[in-house]
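What follows is a short report on a single structure.
The values are calculated or read from the model by the stated rules, or taken from the named source; none is laboratory data. Nothing here was measured: the structure is a model prediction, and the numbers come from that model. A quick note on method: Cβ atoms are made from the backbone with ideal geometry, for glycine too, and the neighbour counts reach across all protein chains shown. Heads up: the accessible areas ignore ligands, DNA and RNA and are worked out on the full protein's heavy atoms, side chains in. Shrake-Rupley method; radii C 1.70, N 1.55, O 1.52, S 1.80 Å.
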Amino acid sequence: MAANESGLVRRTIWVLRAVAAHPNGVGLSEIARESGIPKATCYRVLSVLERESWLTLDPDTRRYKVSLGLLSIVGGFLDSNGGYRHMRQVLADLAADTQETCGFDVLHPPNVMVVAQAAGPRLIGQTMKPVPRTQPVWSTSTGKVLLAMLDKAKLDEYVEDIDRHGPASLGGAEAFVAMLQEIRERGYAHSRDELEEGATSVAAPVRVGDSYPYAVWIGGPSFRLTPEWVAEVSPRLLEASRKLGELLTYTDLQLPTDLRV
């Protein structure tokens, strides 16, 4: 593939990824900012995707959404070998076992993107947040555990930004790096009252081949997900992580390289 063609494919993926992270729609300026593509180029890509019915544009709000047509095409690919169904089954089993909502994330700097989730029985009567969605990397258990598994060169890029962009609760770059080392040794990360007051989550990295591009998590209210509960449930989380890693390693169910870090 010629370099310019490869670049076009990459930009198209970035644009689709940015739109998919906003189920309620997103405007051109925000898409350009999140994808890192100049607004004029971004508009040309969006126009083609809309013309091909992969995206829809609300004429009143001027916000783009992923079309049902694209979702049906992608869904067919994902289910062609049953891999996507198996992945969702692992999440559903974990949710049933722990009684809490579980999910599956990918690192998407400077955020993590929730790409799948399964409601636990205790969520009955409540509304789950939409998927896909993006969340700050610093304030989530998946963000911490995925950063902890990066090689030093990649991690250094993030560490440089901690003092400028990370929340004060992290205690600065030195404290954050020390915390990541503890996460690597423990095998999982947790976040308590950071993303939302009263919410706790615990996450483990998912190994695919020689890298850790994904993470699986369990989340719920802090009054239920106590530190003791997190320690007790961690073996089940790590087992789900192992199952997902084996599934993704031995099937073709992997996000394109451009979506991974």
Looking for something within 27 Å of L238 (Cβ to Cβ), open to solvent by less than 40 Å² (accessible area, probe 1.4 Å), at pLDDT below 85 and of a type in the set (D, E, K, R) - is there at least one such residue anywhere in the range 101-110? no
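I'm checking my understanding of the structure. Among residues of the range 111-142 that are β-branched (V, I, T) and either under 18 Å from P23 (Cβ atoms) or over 10 Å from the mean Cα position of the chain (by Cα) (or both), which one is modelled with the lowest pLDDT? Spell out the reasoning first.
Residues of the range 111-142 that are β-branched (V, I, T), as a first pass: 112, 114-115, 124, 127, 131, 134, 137, 140, 142.
If we keep only those that are either under 18 Å from P23 (Cβ atoms) or over 10 Å from the mean Cα position of the chain (by Cα) (or both) as well, we get 112, 114-115, 124, 127, 131, 134, 140.
Working: V112: 85, V114: 85, V115: 80, I124: 52, T127: 62, V131: 73, T134: 80, T140: 91.
Across the range 111-142, the extreme among qualifying residues is I124.
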Total residues in the range 9-31, condition out of contact with any Pro (no Cβ under 7 Å at 6 or more places or on another chain) and open to solvent by less than 30 Å² (accessible area, probe 1.4 Å): 7
Scan of the range 32-47 for residues that are more than 18 Å from V131 (Cα to Cα) and open to solvent by less than 70 Å² (accessible area, probe 1.4 Å), ordered by number: A32, S35, G36, I37, A40, T41, C42, V45, L46, S47
Scan of the range 66-87 for residues that are open to solvent by less than 90 Å² (accessible area, probe 1.4 Å), modelled with pLDDT of 60 or more and not in a strand (DSSP E or B), ordered by number: S67, L70, G83, Y84, M87
Tally up the residues in the range 127-157 that are part of a loop (DSSP other than H, G, I, E, B) and surrounded by 15 or more Cβ atoms within 10 Å (Cβ to Cβ), please. 5
